[in-house]
Every structure is written in structure tokens, then in C-alpha cells.
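Colleague: Sharing a structure here in C-alpha cells format.
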Amino acid sequence: MFDLPAFAQGLTLGLGLFICPGPKDLLILRQALQRRPLSELLAVGVGSDALLIFLGISGVSVFLDEKPLLQRGAMWLGVVLMLWHGFAATLRTVAPQKDVSAGLENSAGKNQRLLIITSLFNPVAWMDTVLVIGTVGALLPNHKQFIFAAGAISASAIWFLTLTLGARYVARWVNQPGVWRYLDAFVAVVMIALALYIGSGLL
């Protein structure tokens with residue numbers, strides 16, 4: 001039987017968490033502005049959230065709570081990943097491309113792999129999906145957990161659909177070197193600030 005309150009709980013919690021941009025959101029935004037296929041971006045964005053949510057509900061969140069060293073190691077790996085993204089964005093700010101879409105076709109596979117890695121191994125995603133949504137869902141009765149997860153995954157789908165369609169709409173005005181320079185500067189600040197904030201909490 002469909003449990004509307006459990007679905008609404010997952011949907012509301014998911015929307016509250018997902019609308020705060022993290023490393024994956026910024027990378028998807030950049031690739032959407034570069035006119036990458038929206039189906040690919042949605043598949044990775046929503047699919048990775050779904051996988052991590054189910055991992056959290058199935059008990060990974062409890063397992064990580066019992067293995068603090070493993071949890072800290074995974075978080076430090078994510079911090080390094082975010083720093084790498086931040087410094088890469090800094091380099092693009094200092095030496096921006098004249099044509100932001102140049103070489104896009106040739107780098108499609110590389111961009112896809114980078115997006116998958118960022119989606120699955122950044123600490124912001126793990127905190128939102130595994131530790132928060134997963135923990136809340138794991139506390140529900142078994143027959144409500146799947147419906148709760150469906151609500152949270154629907155929130156992910158709504159967020160990424162809005163993000164990618166919005167990016168596609170404004171791409172005609174954004175795809176200029178000067179605008180991309182400001183966007184990359186914003187990405188650099190957010191990535192490095194998140195990395196330093198999370199890293200300081202691990203010390």
C-alpha cells in the first residue's frame with residue numbers, strides 16, 4: 001500500500017538537502033551549460049543519489065557509525081577530490097578557454113567518468129544521502145522504507161531536472177569566456193571552502 005506520509009517525508013527531506021549546491025551539482029551545472037545530453041546528466045545525478053540512499057537505508061550509515069576510522073578516511077578522500085576540483089576551476093579562471101565548448105565531443109567520456117566519480121565519492125553527497133536520508137529511512141518500519149526512499153529519489157529528480165533545464169535555457173547567454181570565468185571563480189571558491197570546512201572538522 002502506498003504510504004503518502006512516508007513519501008512526503010522523503011520528498012521534503014530530499015528537497016531540503018538537495019537544493020543546497022554541492023560538488024556534484026556544480027559539475028552537472030557546468031556540463032549542462034556545455035550542452036551535454038541531459039539524459040546522461042540526469043541518469044548520473046539521480047542514479048547516484050538513488051544508489052547512496054538505498055545504501056544508507058540498508059545499513060551502511062549504521063556501519064560507518066561503528067567504523068569511525070573508515071568514515072574519516074572516506075571523508076578525507078572526498079576532501080582531496082573537492083580540492084582538486086577547486087584548483088582546476090582556479091586554473092580555468094586564470095587561463096579561461098576562448099571557446100568553452102571546444103573539445104567537448106572528444107572529452108565526453110572523460111567528463112562522464114569525472115562526473116560519476118564526483119557523484120559517488122564526495123563527502124557532501126554521502127552526508128546528505130547515506131548519513132542523513134539513509135539514517136532517517138532506516139528508522140522507519142520496513143514496509144515504509146522503500147516509499148520513503150522513492151520520495152527522496154523523486155526530490156533528486158525534481159532538483160536535477162530543474163537545474164539542467166534551467167542551465168540549458170540560459171546557456172545562450174552564459175557560453176561566453178567572460179561569464180565562464182566568473183562561474184569558474186565561483187566554483188573554485190565553493191569547492192575549496194567546502195573542502196576546508198569539512199577538513200577542519202576532521203582534524
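Colleague: In segment 147-189, what residues are open to solvent by less than 80 Å² (accessible area, probe 1.4 Å), assigned to a helix (DSSP H, G or I) and either touching a Lys or Arg at 6+ places or on another chain (Cβ under 6 Å) or over 19 Å from GLY45 (Cα atoms) (or both)?
Modeller: Across segment 147-189, the qualifying residues are ILE147, VAL170, ALA171, VAL174, PRO177, GLY178, VAL179, TRP180, LEU183, ASP184, ALA185, ALA188.
Colleague: For the structure I just gave you, tell me whether ALA95 is modelled with pLDDT of 85 or more and of a type in the set (A, V, I, L, M).
Modeller: no
Colleague: Name the helices (runs of 4 or more DSSP H) wholly inside segment 4-76 in which the number of residues that are among the aliphatic types (A, V, I, L, M), open to solvent by 40 Å² or more (accessible area, probe 1.4 Å) and touching a Leu at 6+ places or on another chain (Cβ under 8 Å) is 2 or more.
Modeller: 38-55
Colleague: So which residues in segment 119-146 are open to solvent by 50 Å² or more (accessible area, probe 1.4 Å), more than 14 Å from SER58 (Cβ to Cβ), at pLDDT below 85 and not in a helix (DSSP H, G or I), if there are any at all?
Modeller: Selection gives PHE121 alone.
Colleague: Take the conditions within 16 Å of the chain's Cα centre (by Cα) and basic (Lys, Arg) and apply them to LYS67. Does it pass?
Modeller: Numbers: within 16 Å of the chain's Cα centre (by Cα): no; basic (Lys, Arg): yes.
Criteria not met by LYS67.
Colleague: Which one is least open to solvent (accessible area, probe 1.4 Å) among residues in segment 77-90 that are modelled with pLDDT under 80 and not small (Gly, Ala, Ser)?
Modeller: MET82
Colleague: Can you name the number of the only condition in (1) more than 27 Å from ARG36 (Cα to Cα); (2) in contact (Cβ under 8 Å) with a residue 24 or more places away in the chain; (3) in a helix (DSSP H, G or I); (4) open to solvent by 10 Å² or more (accessible area, probe 1.4 Å) that SER200 fails?
Modeller: Single failed check for SER200: (2).
Colleague: Another question, then. Could you say which residue among VAL170, VAL190 is within 28 Å of GLY78 (Cα to Cα), touching a residue at least 60 places away in the same chain (Cβ under 8 Å) and of a type in the set (Val, Ile, Thr)?
Modeller: Step by step, each of VAL170, VAL190 is checked, and only VAL190 is within 28 Å of GLY78 (Cα to Cα), touching a residue at least 60 places away in the same chain (Cβ under 8 Å) and of a type in the set (Val, Ile, Thr).
The values are calculated or read from the model by the stated rules, or taken from the named source; none is laboratory data. The structure presented is a predicted model; accordingly, all values stated were derived computationally and were not measured. In this analysis, Cβ positions are derived from the backbone assuming ideal geometry, glycine residues included, and neighbour counts consider all displayed protein chains. Calculation scope for accessible area: heavy atoms of the full protein, side chains included, ligands and nucleic acids excluded. Shrake-Rupley method; radii C 1.70, N 1.55, O 1.52, S 1.80 Å.
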